[in-house]
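Structure first, commentary second.
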Amino acid sequence: MSQLRSKHLLGIKDLNAEDIGLIFETADNFKDVINRPIKKVPSLRDITIANVFFENSTRTRLSFELAEKRLSADVINFSSSSSSVKKGETLLDTVNNILAMKVDMIVMRHASPGAPHFLSKHIDANIVNAGDGTHEHPTQALLDTYSIRESHGDVSGKKVVIVGDILHSRVALSNIFALQKLGAEVMVCGPPTLIPKFISGLGIKVSHHVKEALAWCDIANILRIQLERQQIKYFPSLREYSLYYGVDKALLDSLGKEITIMHPGPINRGVEISSDVADSEHSIILNQVENGVAIRMAILYLLAAKKA
């Protein structure tokens, strides 16, 4: 297979194992590119990409912008905080105005689940979902599973636990879909109030005891507490959360085995993870950041090929 099946990347749910394999193979080539002295290729020289972010983002937006520039695309950035959205303009009108400037591809983050799917039914440009509410974050899941493949040789058969705020996390849902499609075993772990009721229906394990979960896994992907999405209190305090679900060196040392530590960022040091774990030799957090550029280059390149 040399092409993705869809002209958009809206979610992991829409991909199959062959699509993910193609993205990984393409990312391997771009990983070589970004480690060369000249880190640029002319692959998307005639393509214009708009980064349309209706929610704040630092890492994802920078990673996409760098990926686009490494591919020689023309890039425009849109932020809703300084736009006509504040004056009541609709999402569709906003995007159609951007497309009228002859933009070929939209990278979009939005607070509403399903916003990229809605847009895909009304516009011709390729759409990449950079996170839609608490629904999906497909490029994060792809870079996470790619990083597991890189550090462990294969994803199939690995035991991966996702620890933390599963209820509000689009990263968790996309990771569950991606890991299952690639043959990994998945567990989620967190306080009962932060584990959604539907999660057991996805065919994964659930634990409320972090030491038990870490003892089971090969890889732990630790999520931050998303206070900005919480309208009510789901646990007494951050200090209590850290006491029961925080991952520190003493906890890892007590396991009697080594596990790989991941985190999608941004890290709340001293809450969900301690600095001596985040910065340890078992952490691949910075590898995830580097791989994010290669994965996003691969996705943009493959979607541009669908346009041709």
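Annotations
- In region 138-287, lysine pairs closer than 16 Å at Cα, eight or more apart or cross-chain: 12
- Computed with the Debye formula from one identical point scatterer per Cα of region 138-287, without solvent, the log10 of I(q)/I(0) at q = 0.16 Å⁻¹ comes to -0.80.
- Added length on full extension, which subtracts the Cα-Cα distance from 0.36 nm per residue, LEU92 to THR58: 9.8 nm
- Once backbone amide H atoms are built at 1.01 Å from N, VAL75 has ILE49 as its partners under 5 Å, excluding neighbours fewer than 5 places away on the same chain.
- Think of region 138-287 as a dipole: +1 on every Lys or Arg Cβ, -1 on every Asp or Glu Cβ, centred on the Cα centre; then among ILE261, PRO196, ILE284, PRO196 lies furthest on the positive end.
- Residues SER57, SER2, ranked from the fewest to the most other C-beta atoms within 10 Å, line up as SER2, SER57.
- Estimated purely from DSSP H runs of n ≥ 4, each contributing -39500 (n - 2.57), the mean residue ellipticity at 222 nm for the chain is -11500 deg cm²/dmol once divided by its residues.
- Note on ASP32 and ILE267: the model spin-label points, each 7 Å out from Cα along the C-beta direction, lie 3.2 nm apart.
- Taking amide hydrogens as placed 1.01 Å from N in the peptide plane, the amide H of SER283 sits under 5 Å from those of ILE261, each at least 5 positions away in sequence or on another chain.
- Among beta bridges from DSSP that stay inside the chain, the antiparallel ones total about 5%.
- Per-pair calculated FRET efficiency, R0 = 35 Å: ASP74 and LYS121 via Cβ, rounded to 0.05: 0.85
- Near-label residues of region 245-288 by backbone N, under 11 Å of a point 7 Å along Cα→Cβ of SER151: 259-264, 278-288
Here, each number is a calculation from the coordinates, and none is a lab measurement. Here the structure is a predicted model, which is why all the values come from computation and not from measurement. Every residue, glycine among them, receives a Cβ derived from its backbone with ideal geometry; neighbour counts consider all protein chains shown.
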